[in-house]
Amino acid sequence: MLDPAIKTFLNERRLLWLSKKIKGNITPEDKKIVEKQSLEAYSLHNWLFLAAQRAYQLSASTHPGKFSHPDVKINPIIAKSGRSADGFLRSGNVSVIPDVYGNAAALDVYKFLNLRLADGETIMSHLERQSSEIKAQFDLPEAIFNTITAGLFAIKKTEQPIKNTSGKLKQVYFPVDAKTYHLLSILTPSSLVFKLKERINSLRFSLHARTACDAQKNNQFFAGEFSEIVNLTLIRYGGTKPQNISVLNNENGGTAYLLPSMPPSLFSDTLQPPKTCFFESYLEHTDYQDIFEAWHHQKMLLRKNKTAKAKKAYDQCIQNIIYRIADTVWQIRQLKAGWSLTEAYRHLPRYQKFWLDQRYVHKRKIWPNYLVTVKQDSTGWFLNQYTKILGDRAFNVEHDERKQIYALIDRCEEALR
């Protein structure tokens, strides 16, 4: 009995072929003839004979040159690297199948070879070990079976020696010693590129990630861990015809991710801790003008219409200001521990030294009382800055609203801790 995966594969292609042949003005008699032709053309035996003849138009490769330039012509390369526990995403350390490039019209042959049968193995795997299961599926005489297998395996042209590179590839001069160098041709490890994309998509769009994002968006508690990758860049290969580059490129819509590779941000050369009060001398009100303006606007809206949506936007502005302060705190904490012990910082309030200097990171976990003062001073700074930035436009902040602001800052305690 024909495996369901093979049956579905052939039927999908038969229906696609029929959709091109059967037009609106076809007669019922002609339609029957065309349908009969489709059943013959897409029977397993007939399709296999043609597939074995077309397979040579494709080439398996771990590093296709077409990712650098679609007109590159080099021998297919399959890198065989050993596994090593070095922590790198590289050839040998990740289980991937080779990519395939060539005539786009023959890509269905590669897809067929990678179909997983009912036992979980691919057709290619079965053919490589000449399994009795695949022989039963093909149901061909031994000689014909061997001929078709050899034809299909033309896709794996791995024994050809690499004779030359191409001027369309990226070249790098790599020094060997003072007088000599190697000229290296840079190729894209497409199987790894798209394995990386698969892992990133899983990290960003899995059910777990979506649940965590929704909790964060709605300011709700989330028990599990949540990770994200920022500053991703999307790169495209092949333009409107990704199938002309490779199979994996086509399956991924011609897009892949580039991770950020900028040098780390170093604060020690330019960042100086506050020498007096963190709030009064360090936080420039001009850095917060935009967000205080937004909060003032939300206050006006809330006075006119006290809806839940307006209240949420009002609260969000306050929290955004506190999170921006927290970012500054954590920048200072990147400095070398113990900076607050020097004479230059003798006028800095003691609790702020405790709060800002990583020398006290362990003590902060044991003695969290400093946070009460931090939140009180944050509230005072918040109200002073609002009045300073808005001037005559500022509304009076009553006692109850001061308490609400403090309560919102209190909810942001983890960011300030």
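What follows is calculated from the coordinates using simple rules that are stated; it is not laboratory data. On a predicted model such as this, the values are computed, not experimentally measured, just so you know. When we count neighbours, we look across all protein chains shown, and the Cβ atoms used for this are built from the backbone with ideal geometry, even at glycine.
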- Within 10 Å of each residue's Cβ, count the other Cβ atoms and sort 124, 300 from fewest upward. 300, 124
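Rounded to the nearest 20 Debye, what is the dipole magnitude of the range 189-258 about its Cα centre when Lys and Arg each give +1 and Asp and Glu each give -1 at the C-beta? Spell out each step's value before the answer.
On the way: 8 positive and 5 negative charges, 41 e Å.
The calculation lands at about 200 debye.
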- Note on the structure: Rounded to the nearest 10 degrees, the helix 142-152 long axis (Cα) sits at an angle to the longest Cα principal axis of the chain of 40 degrees
- Item | Within straight-line cross-link reach of residue 31, lysines at Cα separation under 18 Å, skipping those fewer than 8 residues along the same chain | 20, 21, 23
- If the cut-off is 19 Å between C-alpha atoms, which aspartates and glutamates fall inside it for residue 375, apart from same-chain ones fewer than 8 positions away? 280, 284, 315, 327, 357, 398, 400, 401, 410, 413, 414
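Determine the relative contact order of the chain: mean sequence separation of Cα pairs under 8 Å and six or more apart, normalised by residue count, in whole percent.
13 percent
Rounded to the nearest 20 Debye, what is the dipole magnitude of the chain about its Cα centre when Lys and Arg each give +1 and Asp and Glu each give -1 at the C-beta? Numbers along the way, then the final one.
Working: 58 positive and 41 negative charges, 82 e Å.
Charge dipole, the chain, about its Cα centre: 400 debye, nearest 20.
Say a site is exposed when it is one of the chymotrypsin sites (Phe, Trp or Tyr not before Pro), sits in a DSSP loop, and has at most 11 other Cβ atoms within 10 Å; what is then the longest site-free stretch of the chain? Kindly include the intermediate steps, with their values, before the conclusion.
Numbers: sites that count: 88, 221.
Maximal segment without exposed cleavage sites: 222-417.
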- Query: What is the Cα convex hull volume of the range 189-258 when expressed per residue in Å³?
  - Reply: 97 Å³
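Starting from the Cα gyration tensor of the range 278-416, multiply each eigenvalue by 5, take the square root, and state the resulting semi-axes largest first in whole Å. Spell out each step's value before the answer.
Values: eigenvalues 187, 50, 31 Å².
So the three semi-axes of the range 278-416 are 31, 16, 12 Å.
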- Relative to the first principal axis of the alpha-carbon coordinates of the chain, what is the inclination of helix 28-41, with its axis defined by its Cα atoms, in degrees from 0 to 90 and to the nearest 10? 90 degrees
- Please give the helix 370-390 orientation as an angle from the longest Cα principal axis of the chain, in degrees from 0 to 90, rounded to the nearest 10. 90 degrees
- Short version: ³J(HN,Hα) in whole Hz for each residue of the range 298-313, in order, from phi by Karplus 6.51 cos²θ - 1.76 cosθ + 1.60 (θ = phi - 60°), x for Gly and Pro, what are they? 5, 4, 5, 5, 5, 5, 7, 8, 7, 8, 5, 5, 5, 5, 5, 5
- Among the aspartates and glutamates, select those whose C-alpha is under 15 Å from the C-alpha of residue 111, and discard any that sit fewer than 8 residues away in the same chain. 12, 99, 121, 251
- Message: For the chain, set up a GNM with springs between Cα atoms under 10 Å and report which of 365, 241, 375 has the largest fluctuation.
- Response: 365
- Query: Which entries in 66/195; 66/179; 217/304; 311/388; 66/168; 135/195 show an alpha-carbon gap greater than 21 Å?
  - Reply: 66/179; 217/304; 311/388; 135/195
- Message: Along the Cα→Cβ direction, 7 angstrom out, place labels at residue 222 and residue 103. What is the inter-label distance in nm?
- Response: 4.9 nm
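How high is the relative contact order of the range 321-417, in percent, with contacts defined as C-alpha pairs under 8 Å that are six or more residues apart?
On the way: 55 pairs, mean separation 33.0, N = 97.
Relative CO of the range 321-417 lands at 34 percent.
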- Spin-label zone in the range 203-224 - amide nitrogen under 18 Å from a point set 7 Å from the Cα of residue 291 along the C-beta vector: 217-219
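Return the ratio Rg/(2.2 N^0.38 Å) for the chain, where Rg is computed over Cα atoms only. Can you show the working numbers first?
Numbers: Rg = 32.6 Å, N = 417, 2.2 N^0.38 = 21.8 Å.
Rg over 2.2 N^0.38 Å, computed on Cα atoms: 1.50.
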- Using DSSP loop states and a limit of at most 14 other Cβ atoms within 10 Å to flag GluC sites (Glu not before Pro), what is the longest stretch of the chain containing no flagged site? 1-158
- Query: Cα centroids of the range 35-105 and the range 10-24: how far apart, whole angstrom?
  - Reply: 25 Å
